[in-house]
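Below you'll find the structure, written out as structure tokens, and then a few comments.
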Amino acid sequence: MRWALIFFVTLSASCAAAQSSACKLANTRGGYGDIAACNEERFRVADAKMNSLYDRLLKQLADQPDKRDQLSRSQRSWVAHRDATCMFWAGVVDYNIPVCRHQVTEQRNTILRRMHECLAEGGGKCS
């Protein structure tokens, strides 16, 4: 029961910050279906950002086919890791998969954004 309450409060707070209609409904009505739709929407937005960042990186590496291949392999491995991680958490602590996928994808977006910035700065050593 404690996990359910924490889960609901966390989801309600995170959905309140989003501006989609699904999240507005979740914030006002608070029904589980509305919250689930909000979380799925938040994941889709983060996933679209990730795909955009990934595409920008591929374009930056257009003249470096070996690096493009490494990035592609890395991204495919990361997607498998994300999905396996979220399935694990869902089974261990009944964690909501769309929430997990959203959070982990946002972490990946931070990494991809930094890669993009480093390449834009000319590569070399980025910290």
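Remarks
- Selection from region 93-102 of residues that are surrounded by 19 or more Cβ atoms within 10 Å (Cβ to Cβ) and without any contact (Cβ under 8 Å) to a residue 40 or more places away in the chain: Cys100
- Of all residues in region 57-92, exactly one satisfies the criterion of being touching a residue at least 12 places away in the same chain (Cβ under 8 Å) and not in a helix (DSSP H, G or I), namely Leu61.
- Of the criteria (1) modelled with pLDDT of 90 or more; (2) surrounded by 13 or more Cβ atoms within 10 Å (Cβ to Cβ), which one Asp69 fails: (2)
- Check on Arg108, at pLDDT 90 or above and within 24 Å of Leu61 (Cα to Cα): yes
- Look at (1) modelled with pLDDT under 85; (2) part of a helix (DSSP H, G or I) and you find that Tyr95 fails only one, number (2).
- Residues satisfying the criterion are present in region 49-56 (criterion: at pLDDT 90 or above, in a helix (DSSP H, G or I) and more than 15 Å from the chain's Cα centre (by Cα)).
- Take the conditions (1) surrounded by 14 or more Cβ atoms within 10 Å (Cβ to Cβ); (2) more than 20 Å from Val45 (Cβ to Cβ); (3) not hydrophobic (A, V, I, L, M, F, W, C); Arg76 misses just one of them, which is (1).
The values are calculated or read from the model by the stated rules, or taken from the named source; none is laboratory data. Computed from a predicted model, the values in this text were never measured in an experiment. Quick reminder, even Gly has a Cβ in these numbers, built from the backbone with ideal geometry, and neighbours come from all protein chains shown.
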